[in-house]
Structure formats: structure tokens, C-alpha cells
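Read the structure below first, then the notes.
The values are calculated or read from the model by the stated rules, or taken from the named source; none is laboratory data. What you are looking at is a predicted structure, and each value in this text was computed from that prediction instead of being measured. Here Cβ is always computed from backbone atoms with ideal geometry, including for glycine, and neighbour counts include all displayed protein chains. SASA here: full protein model, heavy atoms, side chains in, ligands and nucleic acids out. Shrake-Rupley method; radii C 1.70, N 1.55, O 1.52, S 1.80 Å.
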Amino acid sequence: MRIYTRQGDQGMTQLADGSKVPKDHPAIVMNGHIDKAVSLLGAARSTAPMVLKEEIKDLQAFLMSLMAFIARGSKEYNLPSIESLELKIDSIQERYPFDCYTKVVDVFNKGKFIVPGESLCEAMLHVARAVIREAERYAIQAARGNVLDARLVPLLNRLSDYVCVLAIAAAFEEFVSYVTQIVMKELKVFEEFKFFEGDGGVGAMYSKEMNLNLAHKLVEAAMKRATQIRVPMVIAVVDESGILTAFSRMDGALLVSCDLAIKKARTAVSIRMSTDKVAELVQPGKPLYGLQADSALCCFGGGFPIKKDGKVIGAIGVSGGSVEEDMDVAQYALSVVAAL
């Protein structure tokens with residue numbers, strides 16, 4: 001069957017009830033706007049993160065149902081539900097709070113107005129949103145002349161809102177992906193440091209200077225401070241490769257603190273910063289957001305890298321009290337050993 005039929009060459013087409021109308025009939029013009037939005041959503045879906053692909057596809061199906069309603073003619077056809085759109089909008093906003101998005105925008109655009117383009121998906125969604133806004137303006141005009149159903153106006157308004165929050169979600173997912181790539185690249189470099197250490201190259205960032213004697217001094221100092229503040233603690237010291245070198249659990253320390261102390265030490269040595277600083281950077285909208293999902297890491301205070309001559313030689317992790325108490329004990333141990 002050939003793609004062309006020549007039946008529309010005179011500028012006429014059919015509605016669902018079989019009636020013929022000119023191709024510039026309001027219903028046909030409106031469906032042209034929506035058809036454009038469906039195509040743009042397809043382009044967005046082709047580059048969307050997996051978590052958003054089905055939602056965009058469902059939205060395309062929704063718009064095609066809307067086109068059928070608009071082109072129904074005298075046929076009975078239900079208007080797609082505006083309530084279902086509002087539920088979807090609420091669901092997206094719960095997963096991607098707008099205040100988090102504005103922080104992402106601050107990082108990308110340095111505090112300026114939102115400018116689409118953080119990802120191809122986000123940009124295409126914003127184009128689709130603009131097209132639906134255009135359709136809404138046409139619907140207002142057509143409804144005023146009683147040539148289109150006035151119920152289309154609030155529905156199109158809500159549709160543009162829905163596409164807007166999808167664009168927000170796409171930008172947020174792009175940001176998380178961007179940060180994750182940076183972190184994974186850094187962690188890979190850390191592994192290379194460990195592998196090549198001692199060759200005079202990048203491995204010089206680390207130094208095999210953590211030993212059992214130093215580790216025991218750190219533990220003893222930490223236990224002394226924990227005793228002073230009357231909080232039983234768990235103290236862990238790891239070397240530059242994250243291998244446990246010394247460990248102590250004071251009488252009465254919580255069992256859960258055993259794993260936490262080790263994780264804090266390993267996090268501090270892997271990322272080469274104190275875990276309280278890591279905690280700040282994994283908050284929504286911050287550069288390391290998403291890293292807190294890694295079960296091997298501990299993203300709250302109590303872990304500190306141990307440095308000598310500017311080189312990371314290990315880390316200490318303390319757990320058992322409040323975050324402030326854990327940090328106090330760890331910092332006390334570091335200060336005592338530094339003074340030796």
C-alpha cells in the first residue's frame with residue numbers, strides 16, 4: 001500500500017465520525033500541536049535515563065488518547081483524566097523536590113535563571129512543554145469561539161506542568177550521573193595509587209608509613225579521650241589501602257559501632273577527607289549526592305584521614321557517641337599523635 005492516497009490534496013481530512021473538515025479546522029490544528037509534542041517526547045525518551053523512560057512513554061499514550069478525543073467529531077469519547085495527571089505530578093515532585101533542583105541549577109548555571117540544556121532529554125522535554133503551552137493558548141482562543149471543548153484548557157495547563165516536572169527530574173538524574181562519574185573516576189585513581197605505590201609515580205600520593213605501633217598509639221589516645229567524656233567508643237585505624245591495622249571496642253560500646261568505626265576510617269582514607277565533610281557533600285543538590293547510597297561508605301562525622309608530610313598514610317574511625325563526640329575523640333587522638 002502506498003503512503004500517499006491523494007485524498008487530502010484538496011486540504012480536507014476526516015474526523016472520527018467520518019465527517020470531512022478542512023485541515024485548518026480548530027480540532028486538526030490543535031492535534032497538530034499535540035502531535036508535535038508527542039514526537040518531541042519520543043526524542044526525549046530515546047535519551048532519557050531508564051527511571052524516566054516508561055513515564056514519558058505513558059505520557060505519549062495519554063496525548064494520543066487526547067488527540068482521539070479532540071478529533072472525535074460527533075462520536076462519544078471520554079476526555080482523559082486531569083486528576084491522573086495531578087497524581088503523576090505529585091509523585092514526581094515527591095521524588096525530585098524543586099528546592100533540590102534549584103540547587104542543581106545553581107551548580108550548573110551559577111545561580112542564574114533556569115536555562116534548558118543540562119541533558120538532551122531535559123532540553124527536549126522543555127521544548128515539548130513549550131509546544132503544549134502553545135496548544136493551551138490556542139485552546140483558550142478556540143474555546144472562546146466555541147469551536148473547541150473548554151475543558152481542554154485546564155487539561156493542557158496541567159500537561160505542561162507535568163512535562164515541566166519531568167524535565168526537572170531529567171536534569172536531576174543527569175546531575176547525579178555527572179557526579180557519580182566524577183566520584184567513580186576518583187575512586188579508580190585511588191585504586192591505581194594503591195596499586196602503583198612505591199614506584200615513584202602517582203603512588204607517591206600514599207606512603208607505607210602506617211604501622212602497628214602508630215595505630216596502637218592512636219587507639220590509646222582515642223580511648224583516653226572517650227573515658228574522659230564517659231562515652232564507650234569503638235576505634236578503628238586503617239592503613240593507606242583501607243586495611244584494618246588496629247581495632248578496639250571499649251566495654252559497653254554499641255555493637256553497631258564496630259562496623260561504623262571501620263566504615264568511617266575506610267571512607268576517610270578512600271576519599272581523602274573527613275567524613276563530616278563528606279556528609280555535607282552528599283546532601284541533595286551537593287556535588288557528591290548519590291554517594292550516600294554506597295553501603296561501603298559512612299557519610300557522617302567520626303572518620304579522619306591521617307597524613308604525614310602531606311601524604312595520606314591511613315585513617316581513624318570512631319563510633320559510639322553522638323557525631324560531635326565521635327569527632328572530638330578522633331581529633332583528640334590525631335592531635336596527641338601529631339605532638340609525639
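Here are some notes:
- For the range 1-26, a residue qualifies if it is in contact with a strand residue (DSSP E or B) (Cβ under 7 Å, 6 or more places away or on another chain) and either at positive phi or open to solvent by less than 40 Å² (accessible area, probe 1.4 Å) (or both), and the qualifying residues are Gly11, Leu15, Val21.
- Where a residue in the range 135-158 is more than 17 Å from Ser65 (Cα to Cα) and its partner, wherever it lies, is assigned to a helix (DSSP H, G or I) and open to solvent by 70 Å² or more (accessible area, probe 1.4 Å), with Cβ under 6 Å and at least six apart: none
- The range 10-45: number of residues that are part of a strand (DSSP E or B) and in contact with a Leu (Cβ under 9 Å, 6 or more places away or on another chain): 1
- So Lys53, is it of a type in the set (D, E, K, R) and out of contact with any Lys or Arg (no Cβ under 7 Å at 6 or more places or on another chain): no
- Flag for Ala226 being surrounded by 16 or more Cβ atoms within 10 Å (Cβ to Cβ) and either modelled with pLDDT of 95 or more or farther than 12 Å from Ile316 by Cβ (or both): yes
- Of all residues in the range 293-322, those that are surrounded by 15 or more Cβ atoms within 10 Å (Cβ to Cβ) have Cβ atoms under 6 Å from Cβ atoms of residues that are of a type in the set (Lys, Arg), 6 or more apart or on another chain, in Cys298/Lys263; Cys298/Lys264; Gly302/Lys264; Gly303/Lys264; Pro305/Arg272; Val312/Arg272; Gly317/Lys264.
- Against the conditions (1) in contact with a helix residue (DSSP H, G or I) (Cβ under 7 Å, 6 or more places away or on another chain); (2) closer than 17 Å to Ala130 by Cβ; (3) among the polar types (S, T, N, Q), Ser39 satisfies every one except (1).
- The number of residues in the range 229-249 being closer than 11 Å to Ser319 by Cβ and of a type outside the set (Lys, Arg) comes to 6.
- Meets criteria (small (Gly, Ala, Ser), open to solvent by less than 20 Å² (accessible area, probe 1.4 Å), more than 25 Å from the chain's Cα centre (by Cα) and more than 18 Å from Val323 (Cβ to Cβ)) for Gly252: no
- All positions within the range 46-61 that are assigned to a helix (DSSP H, G or I) and in contact (Cβ under 8 Å) with a residue 40 or more places away in the chain: Thr47, Val51, Leu52, Glu55, Ile56, Leu59
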